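The values are calculated or read from the model by the stated rules, or taken from the named source; none is laboratory data. Here the structure is a predicted model, which means the values were calculated and not measured. In this analysis, Cβ positions are derived from the backbone assuming ideal geometry, glycine residues included, and neighbour counts consider all displayed protein chains. The accessibility values were calculated without ligands, DNA or RNA, using every heavy atom of the protein model including side chains. Shrake-Rupley method; radii C 1.70, N 1.55, O 1.52, S 1.80 Å.
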Amino acid sequence: MKNSVKITLNFASIEVFEHFIVSSIDEGVSLKQRQLDEFFKIFNDYYQGKPFVSIANRVHDYNIDPTLLKSRKHPDLLGIAVVCYNHRSREVAEFEKKFYEGPFEIFDTLEGAKNWSEDLLQQYLKKAGL
C-alpha cells in the first residue's frame, strides 16, 4: 500500500499506511470492546500476517477501558505509539502504558511516532532475518 487509505467510523478517523495505522478518536468517546472489535476488523483487513504499529493521535479527550490493552492484542501488532498534545493526555497515556505488554511509547509529535514505528519495524525485520 503506497498511499494511505482514510476510514471514518462513527467514533474515530483512521488513516491506514503500509506499516502503521493512525487513529484519532472523537471527543468524549468511551472506547470499549465494541469499538476495539471494529479496529481489529480493520487490522485484519489491512495487516493480516503483516507487522504494523498502531499510532493513537490523541487530538481529543476520550477514555479507553485500560483492561482492553491487557486482555487482547492483535498478533501482527508490533507496538503502540500515543501522540499527546497536553499534560493531561500524557498522564492518561502513562497510566494506559502500565496495562500493555509490549512496546508502548508516548510522543509529542505525530512525526516522532511515525519515525519510532519505522524503527520498530526495522528492528522486527532484522530480528526475523528479513
| field | Rounded if a/c under 1.5, otherwise prolate or oblate - the range 57-130, Cα gyration tensor axes | value | oblate
| query | FRET efficiency for residue 48 and residue 6, Cβ-Cβ distance as r, R0 = 25 Å, nearest 0.05? | reply | 0.80
| task | Note down the net charge around residue 57, summing +1 for each Lys or Arg and -1 for each Asp or Glu among other residues with Cβ under 15 Å from its Cβ. | result | -4
| Cα-centre dipole for the chain with unit charges at Cβ (Lys and Arg positive, Asp and Glu negative), debye to 20 | 340 debye
| message | Using a Cα-Cα cut-off of under 13 Å, which aspartates and glutamates could be cross-linked to residue 114, ignoring same-chain neighbours fewer than 8 residues away? | response | 15, 18, 105
| note | Percent relative contact order for the chain, counting Cα pairs under 8 Å at least six residues apart, stands at 21 percent
| Mind listing the phi-derived Karplus ³J(HN,Hα) values for the range 103-115, rounded to whole Hz, using 6.51, -1.76 and 1.60 with θ = phi - 60°, and x for any glycine or proline? | x, 8, 10, 10, 10, 8, 9, 5, 4, x, 5, 5, 4
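Note down the Stokes-Einstein diffusion coefficient of the range 1-116 in µm²/s, whole number, using a Kirkwood radius over alpha carbon pairs, 25 °C, and 0.890 mPa s.
173 µm²/s
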| remark: Taking the dipole of the chain about the Cα centre (Lys, Arg +1; Asp, Glu -1; charges at Cβ), the one of 42, 21, 71 that reaches farthest to the positive side is 71
| field | Nearest-20 debye value, the range 1-57 charge dipole, Cβ charges on Lys, Arg, Asp, Glu | value | 140 debye
| field | Ranked by how many other beta carbons lie within 10 Å on average, peptides 37-46, 13-22 from highest | value | 13-22, 37-46
| remark: Once phi for every residue in the range 78-90 is put through the Karplus expression 6.51 cos²θ - 1.76 cosθ + 1.60 (θ = phi - 60°), the whole-Hz ³J(HN,Hα) values, with Gly and Pro written as x, are 7, x, 10, 10, 10, 9, 10, 10, 8, 4, 4, 4, 5
| Which lysines have a Cα less than 20 Å from the Cα of residue 98, not counting those fewer than 8 places away in the same chain? | 32, 70, 73
| query | Got a sec? Charge dipole of the chain, +1 on Cβ for Lys and Arg, -1 for Asp and Glu; which of 8, 130, 52 is way out at the positive end? | reply | 130
| message | If you roll a 1.4 angstrom probe over the protein chains with everything in place, what fraction of the accessible area of the chain belongs to carbon and sulfur, to the nearest %? | response | 51 percent
| task | Express the accessible area of the range 54-116 per residue in Å², computed with a 1.4 Å probe while the remaining protein chains stay in the model. | result | 53 Å²
